[in-house]
Structures are given as structure tokens and as C-alpha cells.
Amino acid sequence: MLRRLSLHRLPWLVLALALSGTACATEVLRVLSWPGYADADVVQAFEARTGARVEVTQVDSDETLWQKLSTNDATDYDVFAVNTAELQRYIDRGVAVAIDPAALPNLGAQLPRFRNPATLPGTTRDGKLYAIPYAWAEMGLIYDRRQFDAPPQSIAALWDARYRGKVLVYNSGSHNFSLAAQMLGKASPFRLDAADWAPAVERLVELRRNLLTFYAQPEESAHLFVSRGAALMYANYGTQQLQLLRAAGADVGYAIPREGALAWLDCWVVTRGARNQALALAWIDHLLGTGPAHVLSARHGLDNTRDPAPHQAETDRLVWLEPVEDVERRNLLWERILSGDRGARVLAR
């Protein structure tokens, strides 16, 4: 049976409906992020400034990122973070859209090396800007000061017999073949020619014999370094690992090899499925501000694009990651090397 509403209750009903309508109208920004890029306080500051609500989804691998964005033609997210070596396939797929730099006032506060897209491989296509640099790290050498008389000058230190059984390396076929290419003096560590595969495999077989073990995550690497008395580590996560080790009380130093340090650069990208591109760009500009930059570096040990890296000299060479010639072959051969095969057998199978 229907009940009649008393007139004195009607204003409260109107107010409730009005508030409900306001809540429904609140803009929602859907962010796909790596850990540490969208901390709660950073998100809250953006929400307070814009009145929007932010939904953050975190990923822990390039494969997961690709799966989430290639499903439903990127309509599930508005903005995402990706490294420049991976960005190309998102542009090819049409997932990423061009960005108007004029919409980002904080770009002017970035360091010079990040303000010129021409020097950052993969951030542009056909003269259009697709990615805004945000976080980066070079893959330097972390060494135990007690076991080194002087900082290592070259990646050749990873092969030095004096440190046999005391070297840690990231478990990645793609990156480790790039290391081998650097040892071979290749102009680009991301391009191995037909004649390069055999000597590169031999180099990595030699490296395997020198290793203590491999690692996958930064926390794991710090634990292994301290608990097992490592002397040298190829730091895939750069200063993030350095910060973890120093927090654990390790007496370690950090060096950029003369061959140049491979370096990854994570950028923010707007998706084709963004519901409100202006809001997505406002998010990116917010993250380029001083507050989020400080959080990125002080809390997570990652370099931001506003402040000079304290561990770097102007003459240090960075080699920004690019897509490699054959990632599947690199990973397959690396697995064979790990299994203990000799160089000839790695290539023969």
C-alpha cells in the first residue's frame, strides 16, 4: 500500500536527492600506475584541488600493464605510466593519444634533459608528443666499500674473477644481453646483429659463472646483498636499491660505468579512452609539481624530473632503454644460459 509523505519531510528528501545528484556528477579519474607513483597523500591533494575522485589501479609488470590496456581498447583507464621502451606498442595500437604540452605549466620546471623530447627516444611520433617524463633511474653499480679499494669504473667489474661468487644481477634476458652488447663495444646495446649472438652468449655464460645469484625485486636484492655478503650488484632499480641498502646499514657506494648506464624512463600517457582528457592532463601536471616530486625521491628513492640527481655527475652517460631487436630470442637464450648450458649448446638448440 502506498504511503503519503508528510509535507514537513519533503525538504529533507529534496536535499538528499540533490546531494545524490552531486555525488553522481563527481568526475572520476581512472589511473593505472606503478607502486609509489600515486601515493594516498598525493592523490588526496589532487582531489582537494580539482574536486574529482581518483581511482588508482597498480601494476607490477609490463605484461600486466599491457594486458589491462589492450583489453577493451583502453576504455577502462584515463591515464597510465609506462617506460619509453614499452611505449611504442601503445602508440602502434592506438592506445596512447598525443598531448598538448601547453596544457602542462609544470613542464617548464623540469630539468633541461627532460624538456627536449628529441633527446628522449620514443616520446614522440611524427612530431607529436605522446609521453611526459616523470620517474627514472639508471642501472648503476652498487658496491661494498669494504671489498673495493676504489669505485668500479666499468661494467667489466661484473666479470672480474676477484669477485667470483659475490656478484648480483637482475634476472632479465633483455637487459643482460644489453650488458653483453656493451661489453662487446656495440654502438647500440639494443641491436645485436647475426654475428653478435655467439660472442654475446659466451659473455653471459662467463657472467653466470661469476654470480652469487639473481634477483627480481629491489627488496629481494637488498636482502641478498646484506645476508650473503655480496661485493657488487648491477642495480636494475638504481638508487631505489641504494636507499634500501643504506637503510639496512650497508656501507655501499654507487658508480656509473664509463660505458654508460642503461636507464629507464617512466612517463605519463593519456589513453584514447579517457573520459576527460583535460582532467587527465591536470593529473600529469599535478605530479610534476614539487610535492609529488619530493615524495617520489625522498620516500621511494627514485629520481624525479625536476631535481638534479645527487649521485650523478654532469659527465655521466645515460643510455635510455629502447625496444630490442628480438626480446623473445633474448629471453629464450637467457633461460638456456641459466640452465647451465655452454655457449655452443645455447645457440644450437
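The values are calculated or read from the model by the stated rules, or taken from the named source; none is laboratory data. It should be emphasised that the depicted structure is a prediction, and the values quoted were computed from it without experimental measurement. For neighbour counting, all protein chains shown are included, and Cβ atoms are generated from backbone atoms with ideal geometry for every residue, glycine included. Accessible surface areas use protein heavy atoms only, side chains included; no ligands, DNA or RNA. Shrake-Rupley method; radii C 1.70, N 1.55, O 1.52, S 1.80 Å.
What tally of residues in the range 67-88 results from selecting those that are open to solvent by 30 Å² or more (accessible area, probe 1.4 Å) and either touching an Asp or Glu at 6+ places or on another chain (Cβ under 6 Å) or without any contact (Cβ under 8 Å) to a residue 24 or more places away in the chain (or both)?
Counting residues in the range 67-88 that are open to solvent by 30 Å² or more (accessible area, probe 1.4 Å) and either touching an Asp or Glu at 6+ places or on another chain (Cβ under 6 Å) or without any contact (Cβ under 8 Å) to a residue 24 or more places away in the chain (or both) gives 3.
Just for the range 315-330: of the residues that are open to solvent by 80 Å² or more (accessible area, probe 1.4 Å) and closer than 22 Å to residue 140 by Cα, which one is nearest to the chain's Cα centre (by Cα)?
Per the stated criteria, the residue is 317.
Could you tell me whether the range 268-285 includes any residue that is part of a loop (DSSP other than H, G, I, E, B), in contact (Cβ under 8 Å) with a residue 40 or more places away in the chain and either under 19 Å from residue 117 (Cβ atoms) or among the aromatic types (Phe, Trp, Tyr) (or both)?
There is no residue in the range 268-285 that is part of a loop (DSSP other than H, G, I, E, B), in contact (Cβ under 8 Å) with a residue 40 or more places away in the chain and either under 19 Å from residue 117 (Cβ atoms) or among the aromatic types (Phe, Trp, Tyr) (or both).
On the basis of being in contact (Cβ under 8 Å) with a residue 24 or more places away in the chain, closer than 22 Å to residue 339 by Cβ, out of contact with any helix residue (DSSP H, G or I) (no Cβ under 8 Å at 6 or more places or on another chain) and part of a helix (DSSP H, G or I), does residue 174 make the cut?
no
Kindly indicate the residue of the range 93-127 that is open to solvent by 40 Å² or more (accessible area, probe 1.4 Å), polar (S, T, N, Q) and under 17 Å from residue 288 (Cα atoms) and also modelled with the lowest pLDDT among those meeting that condition.
Selected residue: 116.
Which of the residues that make up the range 146-165 are assigned to a loop (DSSP other than H, G, I, E, B) and either surrounded by 18 or more Cβ atoms within 10 Å (Cβ to Cβ) or at negative phi (or both)?
If the condition is that a residue be assigned to a loop (DSSP other than H, G, I, E, B) and either surrounded by 18 or more Cβ atoms within 10 Å (Cβ to Cβ) or at negative phi (or both), then 148, 149, 150, 151, 152, 153, 154, 160, 164 are the ones that fit.
Pull out all pairs, ordered by first then second residue, where Cβ-Cβ is under 9 Å, the residues are six or more apart or on different chains, the first lies in the range 99-112 and is touching a residue at least 60 places away in the same chain (Cβ under 8 Å), and the second is of a type in the set (Lys, Arg).
Correct list of pairs: 99/128; 106/306; 107/115; 109/306; 110/306; 111/306.
So which residues in the range 275-304 are modelled with pLDDT under 95 and in contact with a Phe, Trp or Tyr (Cβ under 6 Å, 6 or more places away or on another chain), if there are any at all?
Of everything in the range 275-304, just one residue is modelled with pLDDT under 95 and in contact with a Phe, Trp or Tyr (Cβ under 6 Å, 6 or more places away or on another chain), namely 303.
Taking residue 143 as the residue in question, decide whether it is of a type outside the set (A, V, I, L, M) and either touching a helix residue (DSSP H, G or I) at 6+ places or on another chain (Cβ under 7 Å) or in a helix (DSSP H, G or I) (or both).
In short, no.
Check whether at least one residue in the range 123-135 is among the hydrophobic types (A, V, I, L, M, F, W, C) and without any contact (Cβ under 8 Å) to a residue 12 or more places away in the chain, and report yes or no.
Looking through the range 123-135, none of the residues is among the hydrophobic types (A, V, I, L, M, F, W, C) and without any contact (Cβ under 8 Å) to a residue 12 or more places away in the chain.
Considering only the range 238-245, I want to know if a residue exists there that is buried (at least 22 other Cβ atoms within 10 Å of the Cβ) and closer than 20 Å to residue 55 by Cα.
no
Go through the residues of the range 331-338 one by one and say whether even a single one is in a loop (DSSP other than H, G, I, E, B), touching a residue at least 12 places away in the same chain (Cβ under 8 Å) and either surrounded by fewer than 18 Cβ atoms within 10 Å (Cβ to Cβ) or not aliphatic (A, V, I, L, M) (or both).
no
Under 6 Å between Cβ atoms, at least 6 apart or on separate chains: pull out the pairs that start in the range 24-49 with a residue that is under 22 Å from residue 75 (Cβ atoms) and end on any residue that is open to solvent by less than 40 Å² (accessible area, probe 1.4 Å) and part of a loop (DSSP other than H, G, I, E, B).
Partner pairs satisfying both residue conditions: 27/52; 29/52; 29/78; 30/77; 30/78; 31/38; 32/77.
Could you list, in sequence order, all residues of the range 236-267 that are in a helix (DSSP H, G or I) and touching an Asp or Glu at 6+ places or on another chain (Cβ under 7 Å)?
Residues satisfying the conditions are 239, 244.
Does residue 182 meet the test of being under 20 Å from residue 138 (Cβ atoms), among the polar types (S, T, N, Q) and open to solvent by 60 Å² or more (accessible area, probe 1.4 Å)?
Criteria not met by residue 182.
From 90, 77, grab the single residue that is assigned to a loop (DSSP other than H, G, I, E, B), under 21 Å from the mean Cα position of the chain (by Cα) and either at pLDDT 90 or above or hydrophobic (A, V, I, L, M, F, W, C) (or both).
On inspection, the qualifying residue turns out to be 77.
Looking at (1) touching a residue at least 24 places away in the same chain (Cβ under 8 Å); (2) part of a helix (DSSP H, G or I), which is the one condition that is false for residue 189?
(2)
Which of the residues spanning the range 194-235 are outside any helix (DSSP H, G or I), open to solvent by 10 Å² or more (accessible area, probe 1.4 Å) and touching a Leu at 6+ places or on another chain (Cβ under 9 Å)?
The answer is 211, 212, 213, 214, 228, 229.
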